[in-house]
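*Asks:* Starting off with a structure, shown below.
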Amino acid sequence: MRTDRNWTTATLVATRDVAEGIREFTFKPHSGAGRYPSGAHLAVRVLIQGKTDLRYYSLVGEAPLDECWRIAVKREEPGRGGSAYMWSLPVGARLEVAEPDTHFELTRGTDEALLIAGGIGITPIIGMAERLMRSGRKFRLFYAGRARNQMAYVAQLQTALGDHLSLFVDAEGERMDLAKAFADLAPQGEVYICGPIGLMEAARTVWEHSGRKPDRFICETFGSSGRFASQPFTVHVVGRDEPIAVAANQSMLEALEEAGVGVVYDCRRGECGLCVLSIVEHKGEIDHRDMFFSAAQHTAGDKLCACVSRMAGGGEITIDPLFRGDRLFKSGPELKQLVNS
């Protein structure tokens, strides 16, 4: 759990719709908007059903514009409540936000970069493309979406990037050829990708089969997209009598926290692996939504990331959180056995 974030108050100074169902929010932080690393995001305190929660939104652009931060939020229907809250905000609203942080930063000096964005995943990619364009490094940006009117910032990117940009619009019958794209990439080239889980998994599978180095495939997830629509399901915890209900608009991690089962976490996007839980048994199919485990580990089905993954179709799952908060008070032989288990 992150405790070292620097929080500040920011005022919403403008909004505009940048595509169908996608709204841009411009915030002016009271502490000043300094430069931030590529791929950076803001942690925003939101209010959902009377409770404070956190949501993470990628910053748009390489640098602050007029001393302001910009994010773009897709309205999710149904969703977990974060996007609905953001869309309800009037200009002039004040929010608590953490200063920019990144787990998705460009490296320097590689032969070539291939940027891949799917849908709202374009938001962190824009700043990367702008930075690469300014630096003169060789790169391409592949941007995919269901329909052109649902793809944010297309006109801006076409003007700024020219031939560096390739659009792939499902409604127009255009598809990415990932195998060719990776084959055409320089030997030491890197891929930076952000998009829905289906695109991420497909790209990672092709990358693995290409024989390229895993550390040159750098990704960031939505943290909420899966192969199945979110539905309520039930969690049973080893050593606990009462089952825990997880709502459709709630993550397993949030439900466990509400029930007093503390689980260590950080990114809340299925990337860092801190919230990994052991699966004892399950009824139904697991919808793995993380990018921490490999496809083979997903198939094995003995662990999952509580912050994003869930049961499909209202199933049940029994988990064993080995580092549950109420077990940290053990000592002596019990603690030794826990640590070595």
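Read-outs throughout are calculated quantities, based only on the coordinates presented, and are distinct from any laboratory measurement. Nothing here was measured: the structure is a model prediction, and the numbers come from that model. A quick note on method: Cβ atoms are made from the backbone with ideal geometry, for glycine too, and the neighbour counts reach across all protein chains shown.
*Asks:* What value, in deg cm²/dmol to 500, does the helix sum -39500 (n - 2.57) over DSSP H runs of n ≥ 4 give at 222 nm once divided by the residues of the chain? Kindly include the intermediate steps, with their values, before the conclusion.
*Replies:* Numbers: 8 runs with 71 residues, N = 341.
The helix contribution divided over the chain gives -6000 deg cm²/dmol.
*Asks:* Could you pull out the longest piece of the chain with no exposed loop chymotrypsin sites (Phe, Trp or Tyr not before Pro) in it, calling a site exposed if DSSP puts it outside H, G, I, E, B and it has at most 14 other Cβ atoms within 10 Å? Walk me through the numbers on the way to the answer.
*Replies:* Numbers: sites that count: Phe228, Phe329.
Of all site-free stretches, the longest is 1-227.
*Asks:* Going 7 Å from the Cα of Glu20 toward and past its Cβ, which residues in the range 46-76 have a backbone nitrogen under 16 Å from where you end up?
*Replies:* 74-76, by backbone N distance to the label point.
*Asks:* With Rg and the Kirkwood Rh both taken from Cα atoms, where does Rg over Rh land for the chain?
*Replies:* With Rh from the inverse mean 1/r over Cα pairs, Rg/Rh is 0.97.
*Asks:* Same structure again: Report the residue, chosen from Thr318, Thr52, Thr234, that carries the largest GNM mean-square fluctuation when the chain is represented by alpha-carbon nodes joined by springs under 10 Å.
*Replies:* Answer for the Gaussian network model of the chain: Thr52.
*Asks:* Can you give the Rg/Rh ratio of the range 113-221, where Rg is from the C-alpha atoms and Rh is the Kirkwood radius?
*Replies:* Working: Rg = 13.0 Å, Rh = 14.0 Å.
Rounded to two decimals, Rg over Rh is 0.93.
*Asks:* Once the Cα gyration tensor of the range 7-98 is diagonalised, what are the square roots of 5 times its eigenvalues, in whole Å and ordered largest first, as equivalent ellipsoid semi-axes?
*Replies:* On the way: eigenvalues 79, 45, 30 Å².
Working from the Cα gyration tensor, I get semi-axes of 20, 15, 12 Å.
*Asks:* Between Trp7 and Lys283, how many nm apart are label points set 7 Å from Cα along the C-beta direction?
*Replies:* 4.1 nm
*Asks:* If a/c stays under 1.5 just call it rounded; otherwise compare a/b with b/c (prolate if a/b is bigger, oblate if not). Do that for the range 233-326, with a ≥ b ≥ c from the square roots of the Cα gyration tensor eigenvalues.
*Replies:* Details: a/c = 1.40, a/b = 1.15, b/c = 1.21.
Because its axes are fairly even, with a/c under 1.5, the range 233-326 counts as rounded.
*Asks:* Here's something else I'd like to know. Enter the Cα centre distance for the pair the range 19-71 and the range 150-207, rounded to the nearest angstrom.
*Replies:* Here the two parts' Cα centres lie 24 Å apart.
*Asks:* Assuming 0.36 nm per residue, please report the length gained on full extension of the stretch Glu67 to Thr52 beyond their Cα-Cα distance.
*Replies:* Numbers: separation 15, 0.36 × 15 = 5.40 nm, distance 2.69 nm.
Extra length from Glu67 to Thr52 when fully extended: 2.7 nm.
*Asks:* While we're looking at this one, here's another question. Work out how much length Ala312 to Ala247 would gain on full extension: take 0.36 nm times their residue separation and subtract the Cα-Cα distance, in nm to one decimal. Walk me through the numbers on the way to the answer.
*Replies:* On the way: separation 65, 0.36 × 65 = 23.40 nm, distance 1.22 nm.
So the chain would gain 22.2 nm between Ala312 and Ala247.
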